[in-house]
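Derivation of every value follows stated rules applied to the coordinates shown; laboratory data play no part. Computed from a predicted model, the values in this text were never measured in an experiment. Heads up, the Cβs are rebuilt from the backbone with ideal geometry, glycines too, and the neighbour counts pull from every protein chain shown.
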Amino acid sequence: MRENTRQETLDDPKLQLALYTATGRLMDHRKKAIGGGKVPEYQDLRTRAAAVKRHTLDYLDVYLTQFEAAVQANGGKVIWARDGAEAADFILSLAKEKGESLIVKSKSMTSEEIHLNDRLIKHELETVETDLGEYIIQLAGLRPYHIVAPALQMTRYDVSTLFEEKLGIAKDDVIENQTMTARRVLREKFLAAGIGITGANFLVADSGAVVIVENEGNARLSSSAPKIQIAIAGIEKMIPRVRDLGVFLALLGRSATGQALTSYTSILSGPRRKDERDGPEEFYVVLLDAGRTKLLADKEKRESLQCIRCGACLNYCPVYRKVGGHSYPWVYSGPIGKIITPQFQGKEKDPWLPFMSSLCGVCAEVCPVKIDIPKILLALRRESQKSSDDAGAMKWFARLMTRPWLYRLAASFGLGWLGRKDGVWVREVKWPASSGPLKDWLAVRDFPAPPEQSFRDWWEKRRK
Ligand code: SF4
């Protein structure tokens, strides 16, 4: 399967309906979970969560060191990865050393970010996604469409065709049957895999614990069935203490899916102990930088690192709800994608991205950790303008607008050619909608043709 372009998404009524319905449903669930005074302390929880995250980022070096020491004390090991290549190299060498070739993986945006599956599969390690949505998009060869619901754009009919094509089974568009098919395939993988890779919703500094929040139980299986567990997480996932967890768990489920608490919350702290019946024999945590320390140094925008990937800003964003997840250049879409993509990947790569927003501010209103996304978007826009040709264009525009004679002249030539009609100057309007330098710009925008007579001309004539 291939990804839809932005135009295809806009032109496809079925996809528009699917997007609108799915995000609308998630919005409703969130509203029901926190509305009507159900959680009277909701705003206090947000304030508290934002403060904890801000504090942790301010002292991240301290907490990272504390976390490493705690993981080691629990019998695990921390691996510091500067980028995706270093993270993948560690996993590859470990798999080689242990003679393992099958990996089960639970949902992790961090691993999507560094294209971990592609890197491992290239070296002939079978890596299987075990979250249902992730499994579907892995089979389809697509990027996640949404942070929380990776296959949000696919209908059950799409999945039926996909399973027929990739698993060689008869078409079946009953969702329960599709789930059972995935379950059957994945159970075999869980039992045979030697390595389980998970993400982490939170890393707890004081106890060296990795916290995973999920609804399907696949992360729990990925982290307990195989002999080796590897958790991969961005360094910003840190929180100082186990007792801070309650605040985040109360916010994450409600913001993401409208659940007071997600079905499974696993707190993993090291390999299996002597008196324990299950759990991995080896436990590793890969701490990924990949642009995060650079962003940490930026005081104005570092709050972008507070994100707990709940996806609420996507569901509420009027732009995301129209253009969908594949219209964004990286794995992170919606408002959070617009601010972290340029900061992680380089502002030069997609300079238009921070402009893909109406700045309505709803993302900041719903964000459980109070990230001021519009403020960061504006900062990114300012930086982009400073370094782009637009800055020069704006200077010319300012000159034009502050000199009436120049404006008059430019308006005459810019909006059409002047001609005499009934004794007055009029424009012979030929608006170059389908040709000329503005062709591409006008192809996706309405730009009404200017009137034959400008207001200035009309006013002049009326005065006479
Ligand atoms: S920016 Fe806020 S609302 Fe958006 S995904 Fe992150 S935590 Fe959720």
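Find which of LEU26, LEU64, LEU116 sits farthest along the positive direction of the dipole of the range 6-293, computed with +1 on the beta-carbon of Lys and Arg, -1 on that of Asp and Glu, about the Cα centre.
Result: LEU26.
Tell me, what ³J(HN,Hα) does each residue in the range 4-14 have, in order and in whole Hz, if you take phi through Karplus 6.51 cos²θ - 1.76 cosθ + 1.60 with θ = phi - 60° and put x for Gly and Pro?
Going residue by residue, I get 6, 6, 4, 5, 4, 4, 5, 8, 9, x, 5 Hz, with x marking Gly and Pro.
Name the long-range amide H neighbours of VAL78: under 5 Å, sequence gap of 5 or more, or other chain; modelled H, no Pro or chain starts.
VAL285
First select every other residue whose beta carbon is under 12 angstrom from the beta carbon of ARG143; then total the charges, Lys and Arg +1, Asp and Glu -1.
Spelling it out: positives minus negatives among the neighbours equals -4.
Taking the Cα centre of each part, how many Å lie between the range 42-110 and the range 224-291?
Answer, in whole Å: 9.
Just name one of ILE340, LEU378, LEU296: the one whose Cα is farthest towards the positive end of the charge dipole of the chain (beta-carbon charges, Lys/Arg +1, Asp/Glu -1).
Highest projection toward the positive end goes to LEU378.
Could you list, by residue number, the cysteines of the chain that have no other cysteine's beta carbon within less than 4.7 Å of their beta carbon?
Lacking a cysteine Cβ partner under 4.7 Å: CYS307, CYS310, CYS317, CYS360, CYS367.
Taking H as built 1.01 Å from N, whose amide H comes closer than 5 Å to the amide H of LEU152, not counting residues under 5 places away?
Those qualifying (amide H under 5 Å, at least 5 residues apart or on another chain) are TYR145, HIS146.
Please report the antiparallel percentage of the DSSP beta bridges confined to the range 59-212, to the nearest 5.
About 30 percent, rounded to the nearest 5.
Antiparallel versus total DSSP beta bridges in the chain: what percent is that, nearest 5?
Counting DSSP beta bridges with both partners in the chain, the antiparallel share is about 35 percent.
Under 5 Å between amide H atoms, partner at least 5 residues away or on a different chain: which partners does PHE202 have, H built in plane at 1.01 Å?
Here the answer is VAL211, since their amide H atoms fall under 5 Å of that of PHE202.
When averaged across all projection directions, what area in nm² does the alpha-carbon convex hull of the chain cover?
28.1
Using the crude model of +1 on Lys and Arg Cβ and -1 on Asp and Glu Cβ, and no other charge, please compute the dipole size for the chain relative to its Cα centre, in debye to 20.
Here the size comes out at about 2080 debye.
Compare the peptides 280-292, 42-54, 332-344 by average per-residue count of other Cβ atoms within 10 angstrom and give them in order, highest first.
For the peptides 280-292, 42-54, 332-344, the packing ranking is 332-344, 280-292, 42-54.
What list of ³J(HN,Hα) values in whole Hz, one per residue of the range 171-181 in order, does the Karplus curve 6.51 cos²θ - 1.76 cosθ + 1.60 (θ = phi - 60°) give from phi, with Gly and Pro shown as x?
4, 7, 9, 7, 4, 4, 5, 4, 4, 5, 4
Normalised by the residues of the range 19-173, what does the relative contact order come to in percent, with Cα pairs under 8 Å and at least six apart?
Taking the mean separation of contacting Cα pairs over the length of the range 19-173, I get 13 percent.
Mind checking the range 44-134 for GluC sites (Glu not before Pro) that DSSP puts in a loop (not H, G, I, E or B) and that have at most 14 other Cβ atoms within 10 Å?
Loop-located and lightly packed - GLU124.
Could you work out [θ]222 nm for the chain from helices alone, using -39500 (n - 2.57) per DSSP H run of at least four and dividing by all its residues? Round to the nearest 500 deg cm²/dmol.
-14500 deg cm²/dmol
Through the Karplus equation 6.51 cos²θ - 1.76 cosθ + 1.60, θ set to phi - 60°, convert the phi angles of the range 101-117 into ³J(HN,Hα) values in whole Hz; use x for Gly and Pro.
10, 10, 10, 9, 9, 9, 4, 8, 5, 5, 6, 4, 4, 9, 6, 4, 4
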